[in-house]
Structures are given as structure tokens and as C-alpha cells.
Amino acid sequence: MALIDIYGRRHDYLRISVTDRCNLRCIYCMGPEGVKQIPHHQILAYEEILEVVKAGAALGISKIRLTGGEPLVRKGLLFLVREIAKVPGITDLAMTTNGILLPQFARPLKEAGLQRVNISLDSLRPEVYRRITRCGDLGQALAGIEAALEAGLKPVKINTVLMRGINHREVPAFLRLAQERELHLRFIEYMPIGAQGLAHHKYYLPLSYVQEQAARMGLPLEPVEPPQGAGPADTFKLPGGKGTVGLIHPISRHFCASCNRLRLTPEGYLKSCLYWQDEHSVRPALGDPAAMQELLQRVVSLKPEKHRMSPQQKPGLLNLQAMRGMSKIGG
Ligand code: SAM
Ligand code: SF4
């Protein structure tokens, strides 16, 4: 049995947000005070997350991504990685992280069975990195990238949210990085999700901007086969480049028609779409594998056709459909 929705989309990818807590405070993700934290007792235990993974694997889920908040701030995460890696049918196990704790964890994660990482990096300039993350140290994030490469958590992808007036002038520097290093850059459009959606009109820049910049630099972006797990990214290579450049444009060119994702929140809600507020708790199905499979199928059967994010998001209006903040979804 497979997880196929009424639009014929097959779901083989589960993104698990293991915590809403974070050691950074990125401006596009949360307010300066952070988020109101979910109490510990409401967070799914690792054994409970594993029940969802096993039920999903029985229905064709083969790819898992651990995310957050910052997944590496949750204690004992190596246990979860080790156990997920053992689940039959899971062939791709990845993580999205800000990289700050990777110098400590990259090697043990690899040994536990993690295959690869996406590392968020929105600036190559220390003061801009601090401004975006509000408290982060660029040197630590860069050390995390090196640790991931050394540990073989490859392909190492770099997630960069493009923001007008904040980091858009750094596009050439990021392109050079993808030329010089074995790093797979992915520019992402700013999404109006959660309270940070209020700033969307201020920061949003379509990714055609990246293509214009590459042309200006005389660097043609040649379409290539994407690296493993590239998902919705349009992928390009620069002349002589060691890495690649990916463009993920959920707003200017949405990819809902090929969406294969389900999401699990830290408190145990399944979401079939990043955007819509529909959520379904897994708690009633815990301890009953058949009920968990039924729930997954129901969630997929109710999946909306597409999101409603647009470049013309009205300034200053809170989006009632997408109230759950990014750190409580996992991106
Ligand atoms: N803490 C980890 C990290 O930053 O990589 C994982 C969680 S974070 C919520 C997952 C991804 O969502 C990051 O790559 C981040 O850049 C992205 N993200 C967060 N808020 C976003 C927004 N408003 N628009 C676009 N991407 C966003
Ligand atoms: Fe933390 Fe990631 Fe959100 Fe930044 S994007 S505040 S690192 S969860």
C-alpha cells in the first residue's frame, strides 16, 4: 500500500521536527525573544517518533529528514538517528541544521547512520550573519560545514534564504563558493510562514535575481542532474565548479504538483502541507501500528492541492492559514 493523494501524488518523504528549540534566532524564522517553547512533556518521545517512522516505512516512506528548531540541541538525538537508520525501507536519512554544533556531532552522526546534511548559511560576512541569526557566530557555522565534509556527510548542501536588503549583495560570493568548494548551494525564497510572514513584503526577492547575477558575472548556469535528495531544486553548475547551485522557488514557481512530503511537528502533529493550518495528532494512534498507518493515509487523502503563498503577500497582515512558525514545522 502506498501513500497516494487524490491528485495522484505519491508520498515517500517524511520531515520530522524533533524540537522547536534553537540556539539561534533567525529573523525569517522567529522573533528576537525566540518562540514560546513547547513544554517537554508535550514533545513526542523518540520511541513515539519511531512508531510514526515505522508505519510510514510500511507505506512507502523511504526518505527521512530530521529538522527543528535546531535538531542538534535535543538531547540523545544520536539514539533516534541510529534507530531510524535500522528501519527497513528507509534508504535516505538526512538532517537540516544550522551547523553550529556539527564540529562536535558530525562524526558520531555519520557513525550512527546519518547520510548527509543541509546546513543553513545566509551570509558569508560575520556581521551580516550575526544580524540574520541575531546571536550566531559565522566562524562556528563554517567550522560545522568543514566538519560535515570531513565526516563524509555528503553531499553537503547549503541553504540560503535570499533576502532583499540583507544578503542579496552576497549572491556573487555564494556563487564563487559553489565554484571553489564541493558544496551544493540552494537559494530559497523567503516564505510568509508564521509571525515572520509579516516581514515577507520587505525581504522577498524572486530567485530570478540569482540568475541575473550569474549572467552579470559572465557565469552561465548550466542545468545539471541534481545531487542526491535535491527535491524541488532546479540545479545548475557553474563553469569549472566543484559544487552546484540550486534554486528553490516555492513562491515564484511553486512545485506543489510534485510534492511528496509529509511533516511531523515536535508535539506530534502530521501536516501534509507546510502552509495550511490543518494538523492531525498522532497521539491517538500511538501503540497501534494499524491505526498509525490508517492515520497517515487519512492525512494524505486530505492533502490540499496547493499552498496560497504569493509574491504579492499583503504587507502587515498576519496569515491565518500559516500561523505555525517555521521553527515548529521544520522548514
Ligand atoms: N535549525 C535548522 C536550520 O536552520 O537549518 C533546521 C530548522 S529551519 C526551520 C529549516 C530551514 O527552514 C532552514 O534552512 C531555514 O533557512 C528555512 N526557513 C526558516 N524560515 C524560513 C522562511 N520564512 N522562508 C524560507 N525558509 C525559511
Ligand atoms: Fe533556528 Fe533554524 Fe529557525 Fe534559524 S532557521 S532560528 S537556526 S530553527
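The values are calculated or read from the model by the stated rules, or taken from the named source; none is laboratory data. Everything numeric here is computed off the predicted structure, so don't read it as measured data. Don't worry about glycine lacking a Cβ; one is built from the backbone with ideal geometry, like all the others, and counts go over all protein chains shown. For the accessible areas, the whole protein counts, side chains as well, though only heavy atoms, and no ligand, DNA or RNA atoms are used. Shrake-Rupley method; radii C 1.70, N 1.55, O 1.52, S 1.80 Å.
Tabulated results
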| read-out | value |
| --- | --- |
| Residue within region 272-291 that is modelled with pLDDT of 95 or more, open to solvent by less than 20 Å² (accessible area, probe 1.4 Å) and over 25 Å from Ile158 (Cβ atoms) present | yes |
| Positions within region 102-138 being of a type outside the set (Val, Ile, Thr), closer than 30 Å to Lys54 by Cβ and within 11 Å of ligand 2 (Cβ to nearest atom), in sequence order | Asn118, Ser120 |
| Filter pass, Asp12 being open to solvent by less than 20 Å² (accessible area, probe 1.4 Å) and touching a Ser or Thr at 6+ places or on another chain (Cβ under 9 Å) | no |
| Count of region 52-69 residues which are within 15 Å of ligand 1 (Cβ to nearest atom) and more than 15 Å from Ala94 (Cβ to Cβ) | 1 |
| Candidate set from region 205-226 (those that are assigned to a loop (DSSP other than H, G, I, E, B), more than 16 Å from ligand 1 (Cβ to nearest atom) and touching a Ser or Thr at 6+ places or on another chain (Cβ under 8 Å)); member that is nearest to Thr133 (Cα to Cα) | Pro226 |
| Qualifying residue in region 40-51 (condition: part of a loop (DSSP other than H, G, I, E, B), over 17 Å from Lys271 (Cβ atoms) and within 16 Å of ligand 1 (Cβ to nearest atom)) | no |
| Matching residues, region 95-108, being surrounded by fewer than 22 Cβ atoms within 10 Å (Cβ to Cβ) and under 19 Å from Leu264 (Cβ atoms) | Thr96 |
| Residue count, region 160-194 (criterion: surrounded by 23 or more Cβ atoms within 10 Å (Cβ to Cβ) and among the basic types (Lys, Arg)) | 1 |
